[in-house]
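The block underneath contains the structure these notes are about, expressed in structure tokens.
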Amino acid sequence: MADRGLMAGAAQAPARVAVWDPVVRLFHWTVVAGVVLNLFVLEPGKTAHRTVGYTIAAALAIRLVWGFVGTRHARFADFFPTPRRLARYLGALRRGEEARMLGHNPLAAVMMLTLMALLAATATTGWMTTLDAFWGEKSLEEVHGTLGNAIMVLAALHAFAALFESWRHRENLVWSMVTGRKRA
Ligand code: HEM
Ligand code: HEM
């Protein structure tokens, strides 16, 4: 009897698979914490702000390498949004028939790559403000601040998209970014 109960339980519990490896998850939550600190908590340009900015840059550098040598869904080749993949996904989305994907879907992938590029540009312009060559250059600070604000706007959109997709597919994608696991 006990055995039957166990087997029935096993049959009902949906299988979970590992999707996001620890590097991806650590990268994600490091970046989230760092961006929130630099946008809303720390004083712009001060030592703490710079240290957090460089920490984000280091996490991003590791993530970029991981995009070539990491686990399956961490690889750029797994989710790179080619025009074909994107067009097909957008078509299906318009008809409300978009497939659920284990890795990043092509539209999410555009956002992932855009956010990564913005993070790199923000950290680079931040670092540039510390160079003698740009001493007192207000316009560079402005560019840096605008890039930071673009991250804020797009990240908010990205978080809403993650919640929306979680509702669409009846699964908690945010929690998956914590545990790394998703329904098979
Ligand atoms: C990627 C993470 C970063 C974000 C999201 C970020 C965001 C911002 C924002 C929103 C401002 C305000 C801009 C304004 O007043 O118009 C700012 C200012 C500044 N940031 Fe960053 N930043 C980051 C990384 C860095 C790094 C790595 C450095 C330097 C090593 C840096 C140095 C500065 C400086 C010097 C200012 C100008 C401060 C002032 O107005 O006196 N930031 N940052
Ligand atoms: C500063 C804010 C944020 C930034 C810059 C950001 C950036 C990113 C990036 C670059 C990825 C790709 C991860 C990778 O492939 O390594 C990602 C994925 C993801 N993020 Fe964020 N994120 C932010 C905030 C959030 C928040 C607040 C949530 C939760 C509501 C969230 C939920 C997710 C989820 C669920 C994924 C996986 C998406 C998928 O299933 O394809 N993110 N994020």
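Based on the Stokes-Einstein relation at 20 °C and a viscosity of 1.002 mPa s, and on the Kirkwood radius from alpha carbon pairs, the chain is assigned a translational diffusion coefficient of 116 µm²/s.
Determine the shape class of the range 23-73: with a ≥ b ≥ c the square roots of the Cα gyration tensor eigenvalues, call it rounded for a/c under 1.5, and otherwise prolate if a/b is greater than b/c, oblate otherwise. In terms of gyration-tensor shape, prolate. If R0 is 25 Å, the Cβ-Cβ spacing of Ala159 and Phe40 corresponds to a FRET efficiency of close to 0.95.
Add -39500 (n - 2.57) for each DSSP H run of 4 or more in the chain, then divide by its residues: what number comes out at 222 nm, to the nearest 500 deg cm²/dmol? Walk me through the intermediate numbers first.
Values: 8 runs with 126 residues, N = 184.
Value at 222 nm, helices only: -22500 deg cm²/dmol.
Taking the longest Cα principal axis of the chain as reference, the axis of helix 47-69 is set at about 50 degrees. Between Val69 and Glu137, the simple label model (points 7 Å from Cα in the Cβ direction) yields a spacing of 3.3 nm.
In plain terms, the chain from Val32 to Glu171 could stretch by 47.9 nm, reckoned as 0.36 nm per residue minus the Cα-Cα distance. Convex hull of alpha carbon positions in the range 34-136: directionally averaged projected area 8.8 nm². For Arg85 and Ala121, the difference between the fully extended length at 0.36 nm per residue and the C-alpha to C-alpha distance is 10.3 nm.
Quote to one decimal, in nm, the extra length available between Tyr54 and Val110 on full extension: 0.36 nm per residue of separation minus the C-alpha distance between them. Show your work: numbers first, answer last.
Values: separation 56, 0.36 × 56 = 20.16 nm, distance 2.40 nm.
That works out to 17.8 nm of additional length.
Rule-based calculations on the coordinates, nothing more; no lab input. Just so it is clear, the model here is predicted, and its values are computed rather than measured. Here the Cβ is made from the backbone with ideal geometry for all residues, glycine too, and neighbour counts use every protein chain on show.
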